[in-house]
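The values are calculated or read from the model by the stated rules, or taken from the named source; none is laboratory data. Keep in mind that this is a model prediction, so the values were computed, not measured. Counting neighbours? That spans all protein chains shown, and the Cβs are built from the backbone with ideal geometry, glycine included. Side chains included, ligands, DNA and RNA excluded: accessible areas come from the protein's heavy atoms. Shrake-Rupley method; radii C 1.70, N 1.55, O 1.52, S 1.80 Å.
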Amino acid sequence: MARYAMVIDLELCLGCAACVTACQVKNELGPRRSRARVAEVASRKGARLHLNFYSERCNHCADAPCVRNCPTGASHYAEAGLVSINRSRCTGCQACIAACPYSARYISAEGYADKCDFCGGREPACVANCPSSAMYFGDLDSPASEVARLLKTRKSRVPRPESGTRPHVFYLTSRKQERA
Ligand code: SF4
């Protein structure tokens, strides 16, 4: 059984938001709703200012507060580490939206909770359409996958590790080899 993850190289991301547009088109969301977004975060290294772009979406957390707090079981763990929403069980109560520390969910035009679904485990539209090839998708548990290789050889971090949610989206922060 696979365990899907997304890996995003902060050194390659241009902040162009092609990932956001690709997601809106693929999922027919229209221009006002999106399952992804690009956040800009400034940091300082000595006298130098640095601007990083973070392509963000549902992290398909292994310990997901949205699943824990869904009163109807609509939000659930699906196969291969995906966090999914059963639309027929969703009442649109927004408990999952309140529980998610990443603001990854919204209410769809039809009234149910919605979010990134990693394109169901096929190559996500955001990954396929990234013009700088900053995004990778694959099976964490397959030693042959690019995501497993990158996480083994590059320094990375997950969003808000203090939340304890064990995200399946990782950001590569450095080209330096940290681990053998
Ligand atoms: Fe749930 Fe939010 Fe984690 Fe996605 S990012 S699995 S919506 S808690």
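Report yes if residue 119 is closer than 17 Å to residue 77 by Cα, under 12 Å from the mean Cα position of the chain (by Cα), within 15 Å of the ligand (Cβ to nearest atom) and in a helix (DSSP H, G or I), otherwise no.
Details: closer than 17 Å to residue 77 by Cα: yes; under 12 Å from the mean Cα position of the chain (by Cα): yes; within 15 Å of the ligand (Cβ to nearest atom): yes; in a helix (DSSP H, G or I): yes.
Taking the combined requirement at face value, the residue satisfies it.
Which of the residues belonging to the range 128-154 are assigned to a loop (DSSP other than H, G, I, E, B) and at pLDDT 95 or above?
So the first thing to find is which residues in the range 128-154 are assigned to a loop (DSSP other than H, G, I, E, B), and the list is 129-134, 140-145.
If the condition is that a residue be assigned to a loop (DSSP other than H, G, I, E, B) and at pLDDT 95 or above, then 129, 130, 131, 132, 133, 134, 140, 141, 142, 145 are the ones that fit.
Taking the range 148-163 on its own, how many of its residues are among the charged types (D, E, K, R) and over 30 Å from residue 98 (Cα atoms)?
Of all residues in the range 148-163, those among the charged types (D, E, K, R) come to 149, 152, 154-155, 157, 160, 162.
Still in the list and also over 30 Å from residue 98 (Cα atoms): 149, 152, 154-155.
The qualifying residues number 4.
Any idea which of 75, 103 is touching a residue at least 12 places away in the same chain (Cβ under 8 Å) and within 24 Å of residue 164 (Cβ to Cβ)?
75
Which of (1) within 17 Å of the chain's Cα centre (by Cα); (2) surrounded by 13 or more Cβ atoms within 10 Å (Cβ to Cβ); (3) touching a residue at least 12 places away in the same chain (Cβ under 8 Å); (4) away from the ligand (no atom under 15 Å from the Cβ) does residue 91 not meet, given it meets every other one?
If we test residue 91 against (1) within 17 Å of the chain's Cα centre (by Cα); (2) surrounded by 13 or more Cβ atoms within 10 Å (Cβ to Cβ); (3) touching a residue at least 12 places away in the same chain (Cβ under 8 Å); (4) away from the ligand (no atom under 15 Å from the Cβ), just (1) comes out false.
Sort through 157, 179 and tell me the only one that's modelled with pLDDT under 95 and surrounded by fewer than 15 Cβ atoms within 10 Å (Cβ to Cβ).
Numbers: 157 fails: modelled with pLDDT under 95.
179 is the lone residue from the list that is modelled with pLDDT under 95 and surrounded by fewer than 15 Cβ atoms within 10 Å (Cβ to Cβ).
Mind telling me which of the residues 75, 84, 103 ends up being near the ligand (Cβ under 10 Å from one of its atoms) and in contact with a Cys (Cβ under 8 Å, 6 or more places away or on another chain)? So that I can check it myself, show each step before the final result.
Numbers: 84 fails: in contact with a Cys (Cβ under 8 Å, 6 or more places away or on another chain); 103 fails: in contact with a Cys (Cβ under 8 Å, 6 or more places away or on another chain).
From the options 75, 84, 103, the qualifying one is 75.
Given the criterion among the acidic types (Asp, Glu) and open to solvent by less than 40 Å² (accessible area, probe 1.4 Å), identify the matching residue among 63, 9. Outline the logic, then answer.
Working: 63 fails: open to solvent by less than 40 Å² (accessible area, probe 1.4 Å).
That would be 9, the only listed residue that is among the acidic types (Asp, Glu) and open to solvent by less than 40 Å² (accessible area, probe 1.4 Å).
For (1) more than 15 Å from the chain's Cα centre (by Cα); (2) among the small types (Gly, Ala, Ser), each residue gets a yes or a no:
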residue	(1), (2)
7	no, no
30	yes, yes
33	yes, no
40	yes, no
50	yes, no
54	no, no
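Scan (1) more than 16 Å from residue 9 (Cβ to Cβ); (2) open to solvent by 20 Å² or more (accessible area, probe 1.4 Å) for the single condition residue 146 breaks and write down its number.
Condition not satisfied by residue 146: (1).
If residue 67 passes every condition in (1) closer than 22 Å to residue 5 by Cβ; (2) more than 10 Å from the ligand (Cβ to nearest atom); (3) free of Cβ contacts under 8 Å to residues at least 60 places away in the same chain but one, which one does it miss?
(2)
Taking the criterion of being within 19 Å of residue 165 (Cβ to Cβ) and either in contact with a Leu (Cβ under 6 Å, 6 or more places away or on another chain) or within 11 Å of the ligand (Cβ to nearest atom) (or both), would at least one residue in the range 8-18 satisfy it? Outline the logic, then answer.
So the first thing to find is which residues in the range 8-18 are within 19 Å of residue 165 (Cβ to Cβ), and the list is 8.
Add one more test, that the residue is either in contact with a Leu (Cβ under 6 Å, 6 or more places away or on another chain) or within 11 Å of the ligand (Cβ to nearest atom) (or both), and what stays is none.
No.
For the range 118-143, which residues satisfy the criterion of being of a type outside the set (A, V, I, L, M), under 25 Å from residue 27 (Cβ atoms) and open to solvent by 20 Å² or more (accessible area, probe 1.4 Å)? Please lay out each step first, then the result.
We begin by selecting, within the range 118-143, every residue of a type outside the set (A, V, I, L, M); these are 118-124, 126, 129-133, 136-139, 141-143.
Narrowing the set further to residues that are under 25 Å from residue 27 (Cβ atoms) leaves 118-124, 126, 129-133, 136-139.
Residues satisfying the conditions are 120, 122, 123, 129, 130, 131, 132, 133, 136, 137, 139.
Does the range 13-36 hold any residues that are basic (Lys, Arg) and open to solvent by 90 Å² or more (accessible area, probe 1.4 Å), and which are they? Before the answer, list the steps.
The first filter runs over the range 13-36 and keeps only residues basic (Lys, Arg), leaving 26, 32-33, 35.
26, 32 - these are the residues of the range 13-36 that are basic (Lys, Arg) and open to solvent by 90 Å² or more (accessible area, probe 1.4 Å).
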